[in-house]
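Values in this text are rule-based calculations from the coordinates and carry no lab data. This one's a predicted model, so the numbers in the text were calculated from it and none came from an experiment. Every residue, glycine as well, gets a Cβ built from its backbone with ideal geometry; the counts of neighbours run over all protein chains shown.
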Amino acid sequence: MKQFWEKLIYSRYVIFHPFDGFYEIKFRDRGDASIATLFLLVNGLLAVVATQYSGFVVNHANPKHMNSLLIVFYSVLPYLIFVVGNYSTTTLFEGKGTMREIYIVLGYALVPVIATQVMAIVLSQFITADEVPIYSLLLAAGGLWFVFLVFTGLNTIHDYGFLKNLVTLAVTGFAIGVILFLILLAYSLIQELVAFVQLFTREALVRLEGWLL
Amino acid sequence: MNRTFLVRGTFFCLMVVLFLASWTAQGADSYTYNYWLETVPSAPAYRLKDEINVAGIPGVYNFGELADIHVGAHRVFIVDRIGSQVIVTDHDFEFITRITLFKNEDNRIMTEGGQQMRLTLPEGAFEAENGDLYIADSGYRDAKYGEARIAIFSEALDARGNVFYYVQGIIEKPDNFVGRTQFIPSKLVVDSAYRIYGVVPGGSEGIVVLNADGSFSHYFGTNRIRYSPIEYFWKSLATEEQLAQMALTFAPPFNNIDLDENGFIYATNSDPQSIDKVARINPSGENIIRKEGYLPPYGDLRDPLTDEQSEIIAVTVNDYGMYAILDAGKGRIFVYNFDGELLFVLGNKGRARGEFLSPNDLSWLGDDLIASDKNKGTIAVYTPTQFGQAVIDATKAYYVGDWDQAGERWLLALNYNANYDMAYVGYGKMLYMQDQYEQAMQYFKLGNARSHYSMAYNKYRAEFLSDHFAFFITPVLLLLGLVVYSEYRYHKKGGER
């Protein structure tokens with residue numbers, strides 16, 4: 001438990017010194033996947049909080065169609081797909097990082113996003129429409145920081161140069177497209193299968209009824 | 001015995017009340033759009049007051065087909081295209097006279113080349129400020145150009161005290177007319193300087209403007225169209241020769257026109273390519289319609305997949321900037337306020353009383369809305385319900401700047417329809433003007449008006465800060481004091497801690 005706490009505190013060092021921090025995590029075991037998971041889930045929960053409790057001026061969500069489980073799902077899923085996509089790409093490009101390490105990089109990179117999101121939710125309670133740019137700037141700063149952390153983190157764990165990292169990221173984008181396509185395909189296939197089974201059972205029941213009565 | 005009678009009597013009365021309630025609840029399927037562009041049920045704002053069968057009005061004969069209705073100061077002009085006549089009634093639709101033959105001031109029929117002069121398939125009528133009636137004699141073909149004319153009539157009394165209309169002037173195609181548009185106006189309006197604005201079917205150059213003396217002035221107010229990106233791409237690639245062979249894209253022609261109290265032209269079009277279905281055109285020909293509503297004033301929400309949209313074919317505007325447009329496709333009337341916010345939707349297609357088969361024109365008649373139906377040959381008169389009247393009164397009061405009155409009316413409207421965002425906002429505006437910012441915020445929030453909410457919040461926050469100034473300034477002062485004190489101590493020790 002003490003070790004977990006220490007590792008959690010270490011994330012503060014990582015977001016300010018990403019090259020050093022991610023190196024330490026990779027080779028000296030200063031970070032943990034469970035902590036990354038924690039950040040990922042907190043980020044998902046914050047998305048729910050943001051839709052429900054952001055200030056009225058910036059909150060355009062329709063409360064009628066609010067579904068917190070779906071919001072968590074949609075905020076966590078992209079990161080997981082990215083992890084899979086990036087791993088499947090970098091194995092082909094001689095990346096040294098494992099899937100676990102990519103996952104950790106992504107999770108730790110979310111810390112500034114979480115921090116700015118919390119600040120933004122609080123700030124949004126007290127702003128007028130004229131001050132919305134400040135709010136947007138805050139969120140954008142968090143986003144940029146996240147991108148920077150992911151980029152440097154992947155650089156470190158895969159032992160890549162700048163250009164190679166860019167190339168693998170582009171290919172990762174392509175891989176994500178393929179994954180999404182396959183998911184969609186599988187989804188529609190399953191849907192049709194379910195529909196077929198439903199139809200079949202209904203038909204069978206009707207006929208059975210016909211015979212029995 | 002007595003008791004059963006009482007119970008049965010009550011029951012019977014209840015049934016009668018229920019029946020009446022369901023009978024009067026016509027148009028109960030009314031709706032509006034909310035902030036998220038979902039349709040929300042609305043209390044009906046208008047109910048059918050009467051449906052007038054024009055052929056059945058005592059005095060009318062030889063009735064053909066409704067083309068246009070125009071409400072003047074004391075008259076209603078019903079243009080009968082096939083019957084080649086204009087039926088004149090008063091505001092209660094009591095027949096006064098019919099205009100078909102051209103008469104001079106002495107009530108004699110005018111002739112031209114030995115033939116009686118008469119209206120030929122007229123399509124539009126408009127009463128100018130001085131009471132003169134301008135009729136677009138669209139079916140007439142002159143000898144020189146083979147195009148139509150506009151006839152100007154004035155009202156007079158004959159020897160027996162009956163009203164008749166004599167021809168005061170005839171405007172044929174002006175000799176200085178330019179462009180490829182044919183001079184066949186179908187709908188027209190006349191402004192306070194007696195300039196004539198005529199809409200020509202298929203006229204892509206805009207509205208034809210004639211001077212008071214009948215000479216051609218200019219074209220006015222062309223429509224903007226939506227570009228499809230693909231089309232734009234191919235046209236940007238094409239050479240000059242290829243472009244010359246491609247079909248030209250014309251500006252969509254207007255199909256109907258009205259004039260507001262400030263002399264601005266309201267014109268509609270139903271082209272699926274056009275951006276604005278209803279335009280408010282200023283004297284320099286620009287569209288200055290306001291679009292403050294959840295949707296621009298183009299009727300129903302466009303279906304993004306099928307691109308199905310409302311087919312707007314008529315517009316009418318009253319003295320308070322409220323305008324109504326008519327969707328021929330679904331038989332609906334959309335009423336907007338000056339800002340372009342949707343107030344009401346009424347009407348639908350069908351054969352029942354008050355429903356539309358092929359609506360083609362509408363007009364304000366006081367607060368009532370009247371709409372003509374070509375195939376049914378009827379004019380439906382819709383009158384505001386209590387809810388509708390509250391909204392109309394509020395809109396009028398707001399338009400003339402009577403905030404308190406408007407707020408009260410909006411609150412009344414809220415009693416009838418709690419789904420009505422505009423009423424929350426309207427009441428909020430009153431509270432805001434009365435410096436009750438906290439309540440105003442609450443109502444703006446209910447009405448989903450973020451910019452107004454933000455305005456009220458700004459005031460509220462400033463008030464809150466100045467009220468609790470001490471609370472906010474104390475920590476700042478303390479901090480400042482601490483800094484000063486530490487500096488003081490630091491320097492007193494000669495730079496050593």
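Over the range B:86-146, what is the relative contact order in percent, taking alpha-carbon pairs closer than 8 angstrom and at least six residues apart?
20 percent
As I understand it, the value is the acute angle between the Cα axis of helix A:68-90 and the longest principal axis of the Cα atoms of chain A; what does it come to in degrees, rounded to 10?
70 degrees
Could you give P(r) for the range A:2-212, binned at 5 Å from zero, as whole percent values over all Cα-Cα pairs?
1, 7, 12, 14, 14, 13, 11, 9, 6, 4, 3, 2, 2, 1, 0, 0
Which value at 222 nm does chain B reach when only helices count, each DSSP H run of 4 or more adding -39,500 (n - 2.57), with the total divided by all residues and rounded to the nearest 500 deg cm²/dmol?
Taken over chain B, the calculation gives -8500 deg cm²/dmol.
Tell me which GluC sites (Glu not before Pro) from the range B:101-135 have a DSSP coil assignment and no more than 12 other beta carbons within 10 Å of their own.
Listed in order of number, the matching sites are B:E105, B:E129.
Compute the acute angle (0 to 90°) between the alpha-carbon long axis of helix A:132-158 and the principal axis of greatest extent of the alpha-carbon atoms of chain A; round to the nearest 10°.
80 degrees
By counting other Cβ atoms within 10 Å of each Cβ, how are B:T222, B:T383 ranked from fewest to most?
Exposure proxy ranking, most exposed first: B:T383, B:T222.
With 35 Å as the cut-off, how large is the P(r) tail for the protein assembly as shown, expressed as percent of Cα-Cα pairs?
Value for the protein assembly as shown (Cα pairs over 35 Å): 64 percent.
Which distance in Å, rounded to a whole number, links the C-alpha centroids of the range B:35-59 and the range A:141-189?
The distance from the Cα centre of the range B:35-59 to that of the range A:141-189 comes to 58 Å.
Give the order of B:K492, B:K49 when sorted by the count of other beta carbons within 10 angstrom, beginning with the fewest.
The order, fewest Cβ neighbours first, is B:K492, B:K49.
Within the range B:46-384, what is the number of lysine pairs with alpha carbons under 15 Å apart, leaving out pairs fewer than eight places apart on the same chain?
So the count works out to 6.
Give the dimensionless ratio obtained when the Cα radius of gyration of chain B is divided by 2.2 N^0.38 Å.
Normalised Cα radius of gyration, chain B: 1.28.
Within chain B, which whole H helices from DSSP have a Cα span along their axis of at least 27 Å and a mean Kyte-Doolittle hydropathy of -1.0 or more, if any?
B:2-24, B:469-492
Expressed in nm², what is the orientationally averaged projection area of the convex hull enclosing the Cα positions of the range B:434-497?
6.5 nm²
Please report B:W36, B:W410, A:W5, B:W364 as a ranked list, fewest other C-beta atoms within 10 angstrom at the top and most at the bottom.
A:W5, B:W36, B:W364, B:W410
Only helical DSSP H runs with n ≥ 4 go in: add -39500 (n - 2.57) per run for chain A, normalise by residue count and round the 222 nm mean residue ellipticity to 500 deg cm²/dmol.
Using -39500 (n - 2.57) per qualifying helix, the result is -29000 deg cm²/dmol.
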